[in-house]
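K.L.:
Would you mind keeping the following structure in view while I ask a few things?
The values are calculated or read from the model by the stated rules, or taken from the named source; none is laboratory data. The shown structure was predicted, so the numbers you read here are calculated from the model rather than taken from an experiment. Cβ placement follows ideal geometry from the backbone for every residue including glycine, while neighbour counts extend to all protein chains displayed. Note: accessible area is taken over every heavy atom of the protein model, side chains too, but ligands, DNA and RNA are not part of it. Shrake-Rupley method; radii C 1.70, N 1.55, O 1.52, S 1.80 Å.
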Amino acid sequence: REQTTTNGQITTTRSTITETTKTSEQTTKDNSTIKNINIVPAKKPAKASIKTLKNKKKKKMFIRWKWQVEADGYQVQYALNKKFTKKLKTKNVNSFYKETLTIKNLKKKTYYVRVRAYKVISGTKKYGAWSKIKKVKIKK
């Protein structure tokens, strides 16, 4: 991702990353050629990390995570236990430059949250590792 500043405005451009193909040729003793084709898949995004997790206003949770250059979007999960089996909810953030999410209409309980980044490669989503689990208590 490149950021350019012109006249006080920030414009963001994005280059797409796909699988690369490497070819090499070998000649044998009888002058015939053999082509070797190696497909090198693009890497998955790195492990995400949560910067901020707060109970801002009435029954709302505010999440901010570390922005990643190679990500096309993010996936946020929250649940009522550490194992993410009780009342699991998943939110997708389909924007590579957004790094915050506010979740509304929550109960006055403790929620556990984790985030991961994804990259779209040849039409499929490749996910990075989950962040460390953080918890927030909804009091307000």
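K.L.:
Give the accessible area for Lys135 in Å² (nearest 10); use a 1.4 Å probe, count only protein heavy atoms, and leave out ligands, DNA and RNA.
P.N.:
Roll a 1.4 Å probe over it and Lys135 shows about 130 Å².
K.L.:
Another one. For the stretch 55-122, report the accessible area per residue in Å² (1.4 Å probe, heavy atoms, rounded to an integer).
P.N.:
59 Å²
K.L.:
Which entries of Lys43/Lys135; Lys89/Lys135; Lys58/Lys125 have Cα-Cα distances beyond 26 Å here?
P.N.:
Violating the 26 Å Cα-Cα cut-off are Lys43/Lys135; Lys58/Lys125.
K.L.:
For Thr90 paired with Lys60, estimate the spin-label separation in nm (one decimal), with each label point 7 Å from Cα along the Cα-to-Cβ line.
P.N.:
It works out to 2.7 nm between the two label points.
K.L.:
Another question, then. Please compute the length gained on full extension between Tyr97 and Thr124, using 0.36 nm multiplied by the number of residues separating them and subtracting their Cα-Cα distance.
P.N.:
7.8 nm
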